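Each value in this text was obtained by applying a stated rule to the coordinates, not by laboratory testing. None of these values were measured; they are calculated from a predicted model. Cβ coordinates were reconstructed from backbone atoms using ideal geometry, including for glycine residues, and neighbour counts include every protein chain displayed.
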Amino acid sequence: MIRKLSAGDRFIISNLFVAFVFFWIIRAIYNFTAIPNEQNIPFLTIIAILFFIINLTLSYFIFKKERGKINFSWEFVLNLALLFLIISTVLSVYTSIVATVAFAGLVIIYASKNKIHFQPHPLFYFLVAYYLIQYIGLIWSLDPQNGFRFVGKGLSFIIAPLAFSFYSISEDEKKKLLRIFFRFLEIYLFMILLAYCYQVYFHKVSFGIGFHLKKNYFCTPVPPGVDYHLLLGWAGYNHPTFVSFILTLMYGVGFYLWKNDHATYFNRISSLEIFFYCIATAIVILLLQSRIGMIMFPIGIFLTLLFNLRKNKKLVISLFIVSVILFSLGSFYVYKNYRSYFMDRPREMQTEIVLSFLKDHYLLGTGTGGMKVLIPWYPTAHNQFLGDLFHLGIPGLLLLLSLMGSSFYFAIKDKNFLLLYFLVIYFIMMQIEMPLSLQKGITYYTLFVCLFLNWGKKAITKK
């Protein structure tokens, strides 16, 4: 009977079994000993490493028949580097930087060796223009020293699109990499849930403590609002907004592959995987207390349903009306009962400073890096569009609108669901963060836009 199950089903079942064993091991450990506070995350990291090693080893055998024979070619090496870059999106910022440089470096070597033509997508020039305005903004910056540090992390605007301009990955290989990453995130979700169980035993609290709208529910001797570090400290990156973004993004990608991937039955993403991923992501976003994640993920589900029902106009209209009603009722309920949870004074203060400054400086803003002079504790406007106006004035805002507008244009023109889905989710995140001013956010945009774009290359050609 087990052999009749798809590889994806067996993968979920094996992960569940391993997680169950680890859960009882953790429980047994806390029955016999106590772990000091300073060893909390280090010990959890050891558990995470073992958990991933075991599950990845099992995956090697589960998908052995489906992966076929490995051919160590240049394409294999480049795709492996690209997979490492994709996986690094949920790891440390440093890992993402190393992965980006490694992928681009290998592509340059490959392109030079094979004399590959430079074939940029038109969007490449919008990315370059948006990045160059950061350098021009140094001319009137209130803090040029910080400005130079700011433009340094924006090199990803050039590096990733440049690499994709020389290397074209096939649709089949692209789907294969996305399937692998989706399944990597399934292990990742299991590990976060296991980390929650670990922290429950560590802090000697009930298992229901994290299922409420409360930022600091473990009440640890750390600054309030960092419980997400206790669940993600093992991964090296713990920003709940960006983690929730990746989980939401890959739900849509997984759903799309589940419905449209032409891989073999045993290899393609299964219904059980989609079901688990959806439930686990909803739980994890709540445990991380990601407020924007609580908005992004339901919208992500709505978009996938809309895509699935797009040929039935009546159902689409019905779904849209029901969604609007539910969203309105939910917003009213949240505003009435949990307004203080979704609003905080530091963000309001930052917005007040931004709006006050823009009254007289909307033409050029603070200049590149100048935000730090006015908001020294955390220089952000918590909105990409307002932030770019604050940072670089009207020229910066116009270039941002051009970049986003052209991205949406190519997604709609090519009827590219994955790119459009990414842009909608990213646009939502831009309402409360400035992702294009952060290393992770820049990596997300350049990597996934370039990966999902239809480059229109017939083949890689040589001179």
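Listing for the model above:
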{"quantity": "Cβ-based charge dipole, the chain, positive-most Cα from Met434, Tyr196, Ile169", "calculated": "Ile169"}
{"quantity": "Label-to-label distance, nm, for residues given as Leu213 and Val98 (7 Å Cα→Cβ offset)", "calculated": "4.1 nm"}
{"quantity": "Hydrodynamic radius (Kirkwood) for the stretch 1-93, which is based on Cα pairs only, to one decimal in Å", "calculated": "16.3 Å"}
{"quantity": "Percentage, to the nearest whole number, of Cα pairs in the stretch 319-463 over 25 Å apart", "calculated": "45 percent"}
{"quantity": "The chain: DSSP helices with Cα axial extent of at least 27 Å and average Kyte-Doolittle hydropathy no lower than 1.6", "calculated": "40-62"}
{"quantity": "The stretch 235-327: C-alpha gyration tensor shape, a/c 1.5 cut-off, then a/b vs b/c", "calculated": "oblate"}
{"quantity": "Cβ-derived FRET efficiency at R0 45 Å, Val205 paired with Phe332, nearest 0.05", "calculated": "0.90"}
{"quantity": "Principal axis box of the chain, alpha-carbon based, largest edge first, Å", "calculated": "66, 60, 52"}
{"quantity": "Between the stretch 347-375 and the stretch 142-205, the alpha-carbon center distance in angstrom", "calculated": "30 Å"}
{"quantity": "MRE, 222 nm, helices only [DSSP H, n ≥ 4, -39500 (n - 2.57), over the chain, to nearest 500]", "calculated": "-23500 deg cm²/dmol"}
{"quantity": "Within the chain: Cβ-based charge dipole about Cα centre, in debye rounded to nearest 20 (Lys, Arg +1; Asp, Glu -1)", "calculated": "1360 debye"}
{"quantity": "Spatial separation of Cα centroids for the stretch 1-42 and the stretch 383-455, in angstrom", "calculated": "38 Å"}
{"quantity": "log10 of Debye I(q)/I(0), alpha-carbon scatterers only, for the stretch 166-308 at 0.13, 0.15, 0.19 Å⁻¹", "calculated": "-0.61, -0.78, -1.10"}
{"quantity": "Charge dipole (the chain, unit charges on Cβ, about Cα centre) - positive-most of Leu178, Ala129, Phe72", "calculated": "Phe72"}
{"quantity": "Magnitude of the charge dipole, the stretch 9-80, Cβ model with Lys/Arg +1 and Asp/Glu -1, debye to 20", "calculated": "280 debye"}
{"quantity": "Inter-site label distance for Ser112 and Phe275 at 7 Å from Cα along Cβ, in nm", "calculated": "5.3 nm"}
{"quantity": "Local net charge near Gly137, Cβ-Cβ under 13 Å (Lys/Arg +1, Asp/Glu -1)", "calculated": "-2"}
{"quantity": "Span per principal axis, largest first, for the Cα atoms of the stretch 73-215 (Å)", "calculated": "60, 50, 22"}
{"quantity": "Dipole of the chain, positive direction: furthest Cα of Ile353, Thr366, Ile187, with charges on the beta-carbon", "calculated": "Ile187"}
{"quantity": "The stretch 1-105: chymotrypsin sites (Phe, Trp or Tyr not before Pro) in DSSP loop, at most 14 other beta carbons within 10 Å", "calculated": "Phe72"}
{"quantity": "Sites Ser73 and Tyr30, calculated FRET efficiency, Cβ-Cβ separation with R0 35 Å, nearest 0.05", "calculated": "0.10"}
{"quantity": "Nearest-20 debye value, the stretch 8-153 charge dipole, Cβ charges on Lys, Arg, Asp, Glu", "calculated": "440 debye"}
{"quantity": "Sites His262 and Ile325, calculated FRET efficiency, Cβ-Cβ separation with R0 25 Å, nearest 0.05", "calculated": "0.10"}
{"quantity": "Nonlocal amide H pairs with Tyr167, under 5 Å, H built at 1.01 Å", "calculated": "none"}
